[in-house]
Amino acid sequence: MSKDKIWNGKFPMQPQHVDRYGIHRFRSNAVVAELIRHFRANGGDYNALASMFHDRAAHWQQFNQLHGYSVSGIPNMSREDYAVADKACESPEKSEAELRVEVLEEVLTDVKLHARKLAAALFAICEEDLK
């Protein structure tokens, strides 16, 4: 990482795919998969490993993505991250930034709709007058 860039506490989202059962999954990393196989073969407990990272959620989330977890199965993902991951399966040609913009535009549209309804009710005016 260059010195002029400050880490924002988020790792990049891993690519996704739809598996043969129709489940949206992150693409697993072969090195991570082999490390996990070795860990389990030598008596390692995945839940114990998870408990070691309880205070580093971003790291654990990234590890689970690299492990090939299903998108819906990763704990501590934000609603925004889930939506971006789902869109990535539908539009793999788009960048994470493009997908994040789409998701946030949808959220903003929804917020505007609800705010208009709330303002109309609050001020006892017709919702159409607020467009």
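Where a number appears in this text, it was derived from the coordinates with a stated rule and is not lab data. Nothing here was measured: the structure is a model prediction, and the numbers come from that model. Cβ coordinates were reconstructed from backbone atoms using ideal geometry, including for glycine residues, and neighbour counts include every protein chain displayed.
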Can you sort 104, 122 so the residue with the fewest Cβ neighbours within 10 Å comes first? 122, 104
What's the exposure ranking of 100, 116, going from fewest to most Cβ atoms within 10 Å? 116, 100
Using Cα atoms only, what is the angle between the long axis of helix 30-41 and the major principal axis of the chain, expressed in degrees (0 to 90) to the nearest 10? 60 degrees
With Cα coordinates, the longest principal axis of the chain makes an angle with the long axis of helix 96-123, in degrees rounded to 10, of 40 degrees
Would you work out the relative contact order for region 49-131, in percent, from Cα pairs under 8 angstrom that are 6 or more residues apart? 15 percent
Please report, in debye to the nearest 20, how large the charge dipole of region 16-130 is about its Cα centre when each Lys and Arg carries +1 at its beta carbon and each Asp and Glu carries -1 there. 540 debye
Looking at region 24-67, which trypsin sites (Lys or Arg not before Pro) are in a loop (DSSP not H, G, I, E or B) and have at most 15 other Cβ atoms within 10 Å? 27, 56
Could you please tell me the mean projected area of the C-alpha convex hull for region 75-131, averaged over all directions and given in square nanometres to one decimal? 5.4 nm²
Counting only pairs 8 or more residues apart or on different chains, how many lysine pairs in the chain have their Cα atoms under 30 Å apart? 12
Computed over the chain, the distribution of all Cα-Cα distances in 5 Å bins, rounded to whole %, is 2, 9, 14, 16, 15, 12, 10, 7, 6, 4, 2, 1, 1, 0
When 94, 131, 87, 112 are arranged by how many other beta-carbons sit within 10 Å of their Cβ, fewest first, they go 131, 112, 94, 87
